[in-house]
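**Q** I have a structure here, written as structure tokens, and I will follow up with some questions on it.
The values are calculated or read from the model by the stated rules, or taken from the named source; none is laboratory data. Small disclaimer: the values here were computed from a predicted structure and weren't measured. We place every Cβ from the backbone using ideal geometry, glycine too, and count neighbours over all the protein chains shown.
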Amino acid sequence: MKRMISKFNRALAAVTVFALSTVFAAAQAPKPASKGLVIKGKAPINKEVLKVKLPKAFETTLSNGLQVIVLEQHKLPTFSMQMIVLSGGLADPQDQPGAAQFTATLLREGTRTRNSKQIAEQVDSLGASLGAISGLSSPTSNVNASGLTDNFDQIMELLADVILNPSFPADEFNKLKNRSLAQLRQQRSNPSFLATEMFQKVMYGSHPAARVSLAAEEIQRMTPEALRKFHALNYKPNNAIFAIVGDVKPAEIVAKLEKTFGAWQRGDVPRTAIPKVSETGPAKIYLVNRAASVQTNLVLGNLTIERTDPDYYALDVMNQVVGGGASARLFLNLREDKGYTYGAYSRFSASKYRGTFRANTEVRTEVTKGSMDELMYELKRIRDERVAQEEFDRAKRTIIGSFALQLESPQGLLGNIVTQKLEGLPADYWDTYTQKIAAITPDDVQRVAKKYLDLSRMQIVAVGDATKIADVLKQYGTVEIYDTEGRPLRTGGGN
């Protein structure tokens, strides 16, 4: 084990040099003068493909069905652990969206033997962290804890208490409802939230992935009984993975888990059925009218793939070229060249259901047309033109360098292992990840751009003052106008 750790440390050192050389190269780049620019003045880059063999985690399953993953990392006397319940927002009852989210949030707000204040004080006294989270469209609910190895037993006992014995106290439940309603009112004044909410609805329709937040009536309908029912039905050891990384030993962890969670009884858990994502309709523009707004938020996108699709690597590189950071085309064009915005980016997602590609920016109202022109220009360019080799290589180095930096973080290493488990990826997925990225060619990028950036089905969301930008947007297609509550106002034709 010591030899393996030593080899791994040497690999990390090489990785750090590799990543820093990439960062240094980006820092030397001058500001561009025109779109389609070329970044010059770069430092020399090592073109060798990063090759690492990641440390293997210890894995076992307890008699009650709890899967266990232990990754030893003895650099510091600390640990980070999580209980991953394989039911999240995707498992919400149809008549009770948000059950998983509320259940997770209230776990640490009271148990049979501790109230919220006592839990918080004990966590603080240990210098630890303890939290839980689940999303409206998440496949899991996660309970996380971390701290010093010397305090492991006390922190483990706290973790077990909130998982096994939550009481969902009425007073804390009512506080959460009131906070959620107040947050909802605040969100509706945020243009970025409005843009994301509309984009998800447009892309996913009635699919659970369309959920960004609960409606006021859904929050009001929530009850402590609904949370108890969700917890009793889904928080089972045979529906969970316990994962830990840090200054720990597998045999000791398994013994402590058997002692702490051994009485946790397995049970039947309904299988989470993930609906198929339906295709979007023809290209259309959805304008959310935010009266007197001085900016326009723009989001353009298409549906893409599930996480296990072999096109994932090529789409990852394509996204990096288009808008993956400050050295990508959207940023260099709309910010550095045109000065329309503080930033313009793209994002690519993939999960157990089809993800999306989205390009987004926030611009001054008066440059809405110019920004739309440049966004469309860049999306057409990645489809129609083969990426120049130098720009292409830089994008791949950025992805590999970012991955390399993850290897320095124990949490990052464990997160990769958990991702591989949850997404059903091959056992050697992360060992071969950098080679797969390095093997992508410019032709691969152009192929997936043509396949997934379908301009005839490109969905566009804009949030801004409709009196100033509706006529501008009609130049790009049919416009549907909504208020900030998501209610339709009127439809305008396009050219």
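**Q** Residues in the range 151-177 that are of a type in the set (V, I, T) and surrounded by fewer than 14 Cβ atoms within 10 Å (Cβ to Cβ): how many?
**A** Qualifying residue count for the region: 0.
**Q** So P275 fits all but one of (1) surrounded by fewer than 19 Cβ atoms within 10 Å (Cβ to Cβ); (2) within 30 Å of V367 (Cα to Cα); what number is the exception?
**A** For P275, the exception is condition (2).
**Q** Being surrounded by 15 or more Cβ atoms within 10 Å (Cβ to Cβ) and basic (K, R) is the filter here, so list the residues in the range 370-393 that pass it.
**A** R381, R383, listed by residue number.
To keep it simple, each residue is scored yes or no on (1) closer than 30 Å to F242 by Cα; (2) exposed (fewer than 15 other Cβ atoms within 10 Å of the Cβ).
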site	(1), (2)
A395	no, no
I399	yes, no
G415	yes, no
T419	yes, yes
E423	yes, no
Q435	yes, yes
K468	no, no
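**Q** Within the range 481-490, take every residue that is crowded, with 16+ Cβ neighbours inside 10 Å and out of contact with any Gly (no Cβ under 8 Å at 6 or more places or on another chain) and give me the one that is farthest from L194 (Cα to Cα). Give the steps one after another, and end with the answer.
**A** Here is the first cut: in the range 481-490, the ones crowded, with 16+ Cβ neighbours inside 10 Å are 481-482, 484.
From what is left, the residues that are out of contact with any Gly (no Cβ under 8 Å at 6 or more places or on another chain) are 482, 484.
Working: Y482: 11, T484: 7 Å.
Top of the filtered list is Y482.
**Q** Filter the range 264-294 for residues that are aliphatic (A, V, I, L, M), under 29 Å from A91 (Cβ atoms) and modelled with pLDDT of 95 or more and give the result. Reasoning before the result, please.
**A** Quick first cut of the range 264-294, residues aliphatic (A, V, I, L, M) only: 269, 273-274, 277, 283, 285, 287-288, 291-292, 294.
Subsequent filtering for residues that are under 29 Å from A91 (Cβ atoms) retains 269, 273-274, 277.
Hits for the range 264-294 are V269, V277.
**Q** Let me ask something additional. Does P191 satisfy the criteria of being under 15 Å from A99 (Cα atoms) and under 25 Å from the mean Cα position of the chain (by Cα)?
**A** On the way: under 15 Å from A99 (Cα atoms): no; under 25 Å from the mean Cα position of the chain (by Cα): yes.
Answer is no for this residue.
**Q** So for the range 132-151 (the condition being in contact with a Phe, Trp or Tyr (Cβ under 6 Å, 6 or more places away or on another chain) and either on the phi < 0 side of the Ramachandran plot or modelled with pLDDT of 95 or more (or both)), does at least one residue qualify? Working first, answer last.
**A** Taking the range 132-151 first, the residues in contact with a Phe, Trp or Tyr (Cβ under 6 Å, 6 or more places away or on another chain) are 149.
Okay, now just the ones that are also either on the phi < 0 side of the Ramachandran plot or modelled with pLDDT of 95 or more (or both), so 149.
Yes, the range 132-151 contains a residue that is in contact with a Phe, Trp or Tyr (Cβ under 6 Å, 6 or more places away or on another chain) and either on the phi < 0 side of the Ramachandran plot or modelled with pLDDT of 95 or more (or both).
**Q** On to the next question. Working only within the range 92-136, note down all residues that are within 21 Å of the chain's Cα centre (by Cα) and surrounded by fewer than 23 Cβ atoms within 10 Å (Cβ to Cβ). Steps first, answer last, please.
**A** Here is the first cut: in the range 92-136, the residues within 21 Å of the chain's Cα centre (by Cα) are 92, 97-105, 130-136.
Matches in the range 92-136: P97, T105, L130, G131, I133, G135, L136.
**Q** Does the range 57-91 hold any residues that are surrounded by fewer than 19 Cβ atoms within 10 Å (Cβ to Cβ) and of a type in the set (D, E), and which are they?
**A** E59
**Q** Also, quick follow-up: Condition check: β-branched (V, I, T), outside the structural domain of V299 (by TED's automatic domain parsing) and surrounded by fewer than 16 Cβ atoms within 10 Å (Cβ to Cβ). Does T140 satisfy that? Even if it seems obvious, please write down each step before you answer.
**A** Working: β-branched (V, I, T): yes; outside the structural domain of V299 (by TED's automatic domain parsing): yes; surrounded by fewer than 16 Cβ atoms within 10 Å (Cβ to Cβ): no.
So T140 fails the test.
Rundown of residues vs (1) in contact with a Phe, Trp or Tyr (Cβ under 8 Å, 6 or more places away or on another chain); (2) of a type in the set (D, E); (3) in the same structural domain as A215 (by TED's automatic domain parsing); (4) at pLDDT 95 or above, yes/no style:
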| position | (1), (2), (3), (4) |
| --- | --- |
| Q411 | no, no, no, no |
| D431 | no, yes, no, no |
| R447 | no, no, no, yes |
| G464 | no, no, no, yes |
| D483 | no, yes, no, yes |
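**Q** Can you tell me which residue among S180, S192, S206, S213 is farther than 13 Å from T484 by Cα and surrounded by fewer than 17 Cβ atoms within 10 Å (Cβ to Cβ)?
**A** Details: S180 fails: surrounded by fewer than 17 Cβ atoms within 10 Å (Cβ to Cβ); S192 fails: farther than 13 Å from T484 by Cα; S213 fails: surrounded by fewer than 17 Cβ atoms within 10 Å (Cβ to Cβ).
Going through S180, S192, S206, S213 in turn, just one is farther than 13 Å from T484 by Cα and surrounded by fewer than 17 Cβ atoms within 10 Å (Cβ to Cβ): S206.
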